[in-house]
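**Student:** The structure under discussion is supplied below as structure tokens; questions concerning it will follow.
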Amino acid sequence: MTAEWLRSADAPRAIYATTNEQAHGVLFAAYSLGLGVPGELAVVGVDGTEASAYSEPSLSSIRQPTQAIARRAVEILVERSADDPIVTEIFDFELIVRKPSKA
């Protein structure tokens, strides 16, 4: 599906993928079509996995504190009752800029 989109007349110039696995799929589709990354297409993923540094080209990614998020989610579930208000929390993140983002 990504390859079809990248071939279309309204092909994107940048793609934000919600996981690094998806972003690697976009990189593969771009490579298969002969598109230059980041020259013709910018790609950013989310997860901040170590493997992102070793793909070709290496992948820009948003690193989230997933262990801290999971730990806090469990704390909230254990501590709260059905009558408690909904909890909203924001965690810091880090943008790891590598070649595919044109940053």
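**Student:** Scan the range 48-56 and tell me whether some residue there is within 27 Å of Ala3 (Cβ to Cβ), without any contact (Cβ under 8 Å) to a residue 60 or more places away in the chain and in a strand (DSSP E or B).
**Tutor:** No, because not a single residue in the range 48-56 is within 27 Å of Ala3 (Cβ to Cβ), without any contact (Cβ under 8 Å) to a residue 60 or more places away in the chain and in a strand (DSSP E or B).
**Student:** Going through the range 64-73 one residue at a time, which ones are open to solvent by 80 Å² or more (accessible area, probe 1.4 Å) and either more than 29 Å from Ala14 (Cα to Cα) or modelled with pLDDT of 90 or more (or both)?
**Tutor:** Across the range 64-73, the qualifying residues are Gln67, Arg71.
**Student:** So Ser61 fits all but one of (1) in contact with a helix residue (DSSP H, G or I) (Cβ under 7 Å, 6 or more places away or on another chain); (2) not in a strand (DSSP E or B); what number is the exception?
**Tutor:** (2)
**Student:** Test of understanding: among Tyr31, Tyr54, which residue is closer than 17 Å to Val97 by Cα, open to solvent by 40 Å² or more (accessible area, probe 1.4 Å) and of a type in the set (Ser, Thr, Tyr)? Steps first, answer last, please.
**Tutor:** On the way: Tyr31 fails: closer than 17 Å to Val97 by Cα.
Checking each option against the conditions leaves just Tyr54.
**Student:** Pairs only if they're at least six apart or on different chains, beta carbon under 6 angstrom, first in the range 3-25 and within 30 Å of Thr66 (Cα to Cα), second modelled with pLDDT under 90 and open to solvent by 40 Å² or more (accessible area, probe 1.4 Å); list them, first residue then second.
**Tutor:** Thr19/Asp47; Asn20/Asp47; Asn20/Thr49
**Student:** Return the only residue of Ile96, Ile76, Ile90 being surrounded by 12 or more Cβ atoms within 10 Å (Cβ to Cβ), out of contact with any Leu (no Cβ under 8 Å at 6 or more places or on another chain), hydrophobic (A, V, I, L, M, F, W, C) and without any contact (Cβ under 8 Å) to a residue 24 or more places away in the chain.
**Tutor:** Details: Ile96 fails: without any contact (Cβ under 8 Å) to a residue 24 or more places away in the chain; Ile90 fails: surrounded by 12 or more Cβ atoms within 10 Å (Cβ to Cβ).
Result of the check over Ile96, Ile76, Ile90: Ile76.
**Student:** Out of the residues in the range 42-88 that are of a type outside the set (S, T, N, Q) and touching a Ser or Thr at 6+ places or on another chain (Cβ under 8 Å), which is farthest from Asn20 (Cα to Cα)?
**Tutor:** Here is the first cut: in the range 42-88, the ones of a type outside the set (S, T, N, Q) are 42-48, 50-51, 53-54, 56-57, 59, 62-63, 65, 68-80, 82-87.
Adding the requirement that they be touching a Ser or Thr at 6+ places or on another chain (Cβ under 8 Å) leaves 42-48, 59.
Values: Ala42: 14, Val43: 10, Val44: 8, Gly45: 5, Val46: 5, Asp47: 6, Gly48: 7, Leu59: 8 Å.
If we take residues in the range 42-88 being of a type outside the set (S, T, N, Q) and touching a Ser or Thr at 6+ places or on another chain (Cβ under 8 Å), then Ala42 is farthest from Asn20 (Cα to Cα).
**Student:** Still on this model: Determine, yes or no, whether Ala11 is surrounded by 12 or more Cβ atoms within 10 Å (Cβ to Cβ) and assigned to a loop (DSSP other than H, G, I, E, B). Write out each step before concluding.
**Tutor:** Details: surrounded by 12 or more Cβ atoms within 10 Å (Cβ to Cβ): yes; assigned to a loop (DSSP other than H, G, I, E, B): yes.
Yes: the conditions hold for Ala11.
**Student:** Another question, then. Which number in (1) touching a Leu at 6+ places or on another chain (Cβ under 6 Å); (2) in a strand (DSSP E or B) marks the one condition that Leu6 misses?
**Tutor:** (2)
The values are calculated or read from the model by the stated rules, or taken from the named source; none is laboratory data. Every value quoted in this text rests on a predicted model; they were computed, and no experiment measured them. Every residue, glycine among them, receives a Cβ derived from its backbone with ideal geometry; neighbour counts consider all protein chains shown. Side chains are part of the model used for accessible areas, which takes the heavy atoms of the whole protein and leaves out ligands, DNA and RNA. Shrake-Rupley method; radii C 1.70, N 1.55, O 1.52, S 1.80 Å.
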